[in-house]
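Colleague: Before I ask anything, let me first share the structure, which is written out below as structure tokens.
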There are 2 protein chains.
Amino acid sequence: MTPTPERAAGASHRAAPLHADLDQVPLETALLALADPVRRTIVRTLANAADWERACGSFDVPVTKATLSRHFAILREAGLLEQRDAGPKRLNRLRRPEFEARFPGLLELALSDR
Amino acid sequence: MTPTPERAAGASHRAAPLHADLDQVPLETALLALADPVRRTIVRTLANAADWERACGSFDVPVTKATLSRHFAILREAGLLEQRDAGPKRLNRLRRPEFEARFPGLLELALSDR
């Protein structure tokens, strides 16, 4: 059996994460993604880190692993989060310029924590 | 019995609407208020009308009167809507400059309808 590119590239058996086409993300999805305080903490943490620096387990948020996975999925769907697997780790990047181009000013506002 | 100022001023027996202190409105409340398409339609309608021009019954939205009242309450709580009674009518004003000062750019984004 030929390994899939995903399996060949890393040790993970997880499906590769799906990413949103930002042109297709509705404003509603973006607003709801940023309305949650845990997700804003994740976004703020990523904004203060280098791209791909943060693994999924490295966020200081008071939720279970399953809930955290759901938050990551919502952030991906909103076009805020890019993820890639590197061996056993899933690494994260905030899609800051892409999101800013689609929803000017919104991420700044969310990061300002009013 | 002395009439309350509300009853003295108008014909309405309704309680006067309560308005948010915008300095106290959390970002979350603002984002959730604007995440709903019916509320964005109300906001857009008000943005295209003069202050106090629109009565509560004049919005073209496919919801019951009770649901519409709830939408108005959520918009008031988010600091987006000011209401006052004038005889049998309740008139509306978008708190555009106040909201803009608190959440710069957010209302523009909501009005752009991405």
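Colleague: Return the FRET efficiency for the residue pair B:L18, A:T64: r is the Cβ-Cβ distance, R0 is 30 Å, and the value is rounded to the nearest 0.05.
Modeller: On the way: r = 38 Å, r/R0 = 1.25.
Computed FRET efficiency for B:L18 and A:T64 comes out at 0.20.
Colleague: Taking the highest mean first, how do the peptides B:75-82, A:62-69, A:41-48 order by number of other beta carbon atoms within 10 angstrom per residue?
Modeller: Order by mean packing, descending: B:75-82, A:41-48, A:62-69.
Colleague: Run lengths n ≥ 4 of DSSP H only: what is the helix-derived mean residue ellipticity at 222 nm for chain A, with -39500 (n - 2.57) per run over all residues, to the nearest 500?
Modeller: -12500 deg cm²/dmol
Colleague: Then there's this: Just which residue of chain A brings its Cβ nearest the axis of rotation onto chain B, and by how many angstrom, rounded whole?
Modeller: A:G105, 2
Colleague: Say each of A:S112 and B:A55 gets a label point 7 Å from the Cα, pointing the same way as Cα to Cβ; how far apart are those two points in nm?
Modeller: About 3.8 nm separates the two model spin labels.
Colleague: On C-alpha positions alone, give me the angle between the axis of helix A:37-47 and the longest principal axis of chain A, in degrees, nearest 10.
Modeller: Taking the Cα atoms of chain A, the angle to A:37-47 is about 70 degrees.
Readers should treat all values here as calculations from the given coordinates under stated rules, not as data from a laboratory. Since we're looking at a predicted model, the values are computed, not measured. So basically every Cβ, Gly included, is an ideal-geometry build from the backbone, and we count neighbours across all protein chains shown.
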